[in-house]
Amino acid sequence: MDTYYAVVEMAVKLVVDNLEANHIMSDTNSIRNRVLSWYTHSDIVDAEMLAGCALMGRDWFPGATYQYMIDAKKWWFPQDPYNEISIWEIEAAQHDAIWR
């Protein structure tokens, strides 16, 4: 087997795990080829972004923008909304709940 970069293998594992969780069968080699397509044609070094792009269902294409890649990552790997709320917003919500 050829030696691939660690980020590619991490992305392949993320894609495989996601597909298996959704009861979708796929060939690991075709997943790896799709991830490699994104890796070699773009500047992506984030495993979740690579996996998100691969999960969008197509290989890299010339019209792929950086925003497309960000959107793919956000779609397939959404962030925890509780970590994006400031302490000020939490305290304000608690204050509102007390006075209702």
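Worth a mention:
- Length available on full extension from SER26 to ILE70: 0.36 nm per residue minus the Cα-Cα distance, which gives 13.4 nm.
- Full extension of the chain between ASN18 and ASP59 gives 13.0 nm of extra length, using 0.36 nm per residue less the Cα-Cα distance.
- Computed label-point distance, nm, for sites GLN79 and VAL45 using a 7 Å Cα→Cβ extension: 2.0
Read-outs: derived from the displayed coordinates by stated rules, not from any lab. From a predicted model like this one, the values you see are computed outputs, not experimental measurements. With ideal geometry, Cβ positions are generated from the backbone for all residues, glycine too; neighbour counts draw on all protein chains shown.
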